[in-house]
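Down below is the structure, laid out as structure tokens.
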Amino acid sequence: MSPLPSDFPASDFPDGFLWGTSTSAFQVEGAAAADGRGPSIWDSFCRLKGRVDNGDTGDVACDHYHRYAEDVALMREIGVGAYRFSISWPRVLPRGRGVVNEAGLDFYDRLIDRLLEAGIEPWACLYHWDLPQALQDLGGWSNRDSAGWYADYAVLCARRFGDRVKRWATFNEFSVFTLFGYALGWGAPSVSDRGEHLKVIHHTNLAHGAGVDVLRDLVPGASIGAVHSFQPCRPADPAPETVEAAALFDELWNLGFPDAQILGRYPPRLARAIEPYVKAGDMARICRPVDWFGMNHYAPLFAQAEPGAVWGCGFGAPPEDMPRTDIGWPLQPAAFHEALLHATARYRLPIYVTENGYGTKAAEAPDAQGIVMDRERLDYLRACIGEMVRALKDGADVRGYFVWSLLDNFEWGGGYGTRFGIVHVDFETQKRTPKESARWYAALIGGPLAGQPNATSGTGRPTGRT
Ligand code: FCB
């Protein structure tokens, strides 16, 4: 029998510790053509043959655009104190700049107001990978003007929502969308070119700096950060070329963005490569004071040399004896402890864990009693929270934790076949069913769902048990 959530008494967490859930616009909203939304680069990518499992698209997703009130009610049941969502740039500016789509802004007004009524703090992220296609047609992030386009978009959002939204993230996982989109060819806009990749690294950093300035100027009492993917990066074997490849991969994946934004310099290998794109004064524009470090953590990375690849490095295999999920992600919760201590020491900012979760290709459908027994996810979340508690005791300055994700959703190249939600979504009917991991999380953070009979079956069960 697995231990109960009472493994983590409230005294394990600092006063005011924030518990939340995360989603992103493209992954949950759907309503792709509703009310004047423009296309994004992910709408285009989904239409490229064979790029997304099963040919899935974001057209409907979880229909959060229409079902947000039900989703806020679910969050209330789970007991979260905060909801991290992203604003869809092409929903509010269908062509990326210029004419504003009032109906798109209205949607976020409704969502924010509903969250506040439910006592849930809105955490808005300005960019979770869905660049307006119209801006891509002008070169997208490869165009140095993109920092200015982004700043104008930030002004619009800050003015409209800044009276109610105080927590802002400039971007989600710069390193992942730039690597996948410009080097590895696994994501929009599907470019594989080192020079282009270097430009977009620098331009998104410039956009971040401009965004921080806008938010600071326009949102009274703003608490601003950026969200970074942060996973210990290990060589797949001890060969010297593997060790060097892992050091380079670590800079591209983990350090390139937060070092520039918080320490004011690129890490050494990247600094040498990016130098032709850096103009006088740029590093000061990028390195603007932020209030927190957003960390998305899932699993350690194993890297190896890959001579034909854009950077000569790429993913290697984890050690054979290391367990993995059915989507191939290594399971080593202690890597979370390592990442939290590393970020605390290197960046000296309060940390919010803005994503942590478990994905699977298993169908996870409700059983005859309406129970979704996602034991592996529950066990992994519990192990990760245990590692976070250990890191807190060892001096990590963690202020909050957001599960990825509230809902099963569009998992990028994995489409709807890869599920990360603590709430199951039946994509035929859009029915939501809290999984056992949601009940467990509710028991941990004090949400009423923990004590309720199962929503689907109506049969009561002991809470928080697996
Ligand atoms: C992160 C992304 C998020 C989600 C999770 C599983 O890299 O930020 O959108 O896809 O992975």
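So the check is Cβ under 7 Å with 6+ separation or different chains; which pairs have a first residue in the stretch 430-459 that's at pLDDT 80 or above and a second one that's of a type in the set (F, W, Y) and not in a loop (DSSP other than H, G, I, E, B)?
Filtered contacts from the stretch 430-459: I445/W19.
Just checking: which of the helices (runs of 4 or more DSSP H) contained wholly in the stretch 228-310 hold 2 or more residues that are touching a Phe, Trp or Tyr at 6+ places or on another chain (Cβ under 8 Å)?
240-250
Filter the stretch 431-443 for residues that are in a helix (DSSP H, G or I), of a type outside the set (F, W, Y), more than 16 Å from the ligand (Cβ to nearest atom) and open to solvent by less than 30 Å² (accessible area, probe 1.4 Å) and give the result.
Selection gives E436, A438, R439, A442.
Is the stretch 268-291 home to any residue that is in contact with a helix residue (DSSP H, G or I) (Cβ under 7 Å, 6 or more places away or on another chain), aromatic (F, W, Y), at pLDDT 95 or above and open to solvent by 50 Å² or more (accessible area, probe 1.4 Å)?
yes
Go through (1) surrounded by fewer than 24 Cβ atoms within 10 Å (Cβ to Cβ); (2) within 16 Å of the ligand (Cβ to nearest atom) for D250 and report which single condition fails.
Failed condition: (2).
Name the residue that is surrounded by the fewest Cβ atoms within 10 Å (Cβ to Cβ), counting only residues in the stretch 339-392 that are in a loop (DSSP other than H, G, I, E, B) and among the hydrophobic types (A, V, I, L, M, F, W, C).
In this case the residue turns out to be A368.
Of all residues in the stretch 352-397, which are within 16 Å of the ligand (Cβ to nearest atom), farther than 18 Å from A442 by Cα and acidic (D, E)?
E364
Between G38, G50, G20, which is assigned to a loop (DSSP other than H, G, I, E, B) and touching a Lys or Arg at 6+ places or on another chain (Cβ under 8 Å)?
The unique qualifying residue is G38.
State the number of residues belonging to the stretch 153-182 that are open to solvent by 10 Å² or more (accessible area, probe 1.4 Å), assigned to a loop (DSSP other than H, G, I, E, B) and not acidic (D, E).
Here the count works out to 2.
What pairs come out if I take residues in the stretch 218-244 that are within 14 Å of L255 (Cα to Cα) and pair them with residues that are modelled with pLDDT of 95 or more and open to solvent by 70 Å² or more (accessible area, probe 1.4 Å) whose C-beta lies under 9 Å away, six or more apart or interchain?
Filtered contacts from the stretch 218-244: F230/H342; P232/E338; P232/H342.
Starting from the stretch 401-426, take each residue that is closer than 17 Å to L48 by Cα and list its partners that are within 9 Å of the ligand (Cβ to nearest atom) and assigned to a loop (DSSP other than H, G, I, E, B), counting only C-beta distances under 6 angstrom and pairs at least six apart or across chains.
E411/T418
Restricting attention to the stretch 158-187, which residues are more than 13 Å from the ligand (Cβ to nearest atom), touching a helix residue (DSSP H, G or I) at 6+ places or on another chain (Cβ under 7 Å) and more than 16 Å from W311 (Cα to Cα)?
Hits for the stretch 158-187 are A158, R159, R160, F161, G162, R164, V165, W168, T170.
Of everything in the stretch 398-430 that's among the polar types (S, T, N, Q) and more than 11 Å from the ligand (Cβ to nearest atom), which residue is farthest from the chain's Cα centre (by Cα)?
For the stretch 398-430, the residue satisfying everything is T429.
Would you say E70 is more than 16 Å from the ligand (Cβ to nearest atom), farther than 23 Å from T354 by Cβ and assigned to a helix (DSSP H, G or I)?
In short, yes.
The values are calculated or read from the model by the stated rules, or taken from the named source; none is laboratory data. Because the structure is a prediction, the values reported are computed rather than measured. Backbone-built Cβ (ideal geometry, glycine too); neighbour counts: all protein chains shown. The area values use the complete protein model at the heavy-atom level, side chains included, leaving out ligands, DNA and RNA. Shrake-Rupley method; radii C 1.70, N 1.55, O 1.52, S 1.80 Å.
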